[in-house]
Amino acid sequence: MSAAKASSGLRTGLRITGAVFGGYAVTALAVTTAAALLARSGLARSEAVALAAMTGFIVYLALLLWAFSVHSVARLWVVLALAMAAMGAVLYLLA
């Protein structure tokens with residue numbers, strides 16, 4: 001196996017891992033953050049969770065599609081990490 005093929009396989013593996021697991025982590029934090037913000041804004045807690053969970057499917061799909069369209073794998077991981085940090089900070093402030 002050539003070095004170019006190995007490097008290409010590594011980039012593909014990192015992209016798939018970022019899309020599936022990183023996208024899931026960002027979506028889980030987004031759903032949690034959205035539910036907390038909606039409940040705090042006056043929506044019933046059960047309705048806030050249901051609405052946030054339903055929109056989570058769209059967020060996850062958008063992240064999956066974006067992960068395979070972004071040019072740089074490094075950019076993918078940086079954006080996912082920044083999104084997780086930002087939503088984690090919001091959740092920390094809401095608690």
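The values are calculated or read from the model by the stated rules, or taken from the named source; none is laboratory data. Quantities reported herein were computed from a predicted structural model and do not represent experimental measurements. Surface areas here come from the heavy atoms of the whole protein model, side chains and all, with no ligands, DNA or RNA. Shrake-Rupley method; radii C 1.70, N 1.55, O 1.52, S 1.80 Å.
Quick look at the numbers
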read-out: Span-rule helices in the chain, defined as complete DSSP H runs reaching 30 Å or more along the axis (Cα) with Kyte mean at least -0.5; value: 45-69, 73-94
read-out: Computed lengthening from Ile16 to Phe57, 0.36 nm per intervening residue step minus Cα-Cα distance; value: 13.0 nm
read-out: Prolate/oblate/rounded call for the chain, Cα gyration tensor, a/c under 1.5 rounded; value: prolate
read-out: Accessible solvent surface per residue of the stretch 43-95, calculated while the other protein chains remain in place, 1.4 angstrom probe, Å²; value: 70
read-out: Percentage relative contact order, the stretch 1-73, counting C-alpha pairs under 8 Å, at least six apart; value: 41
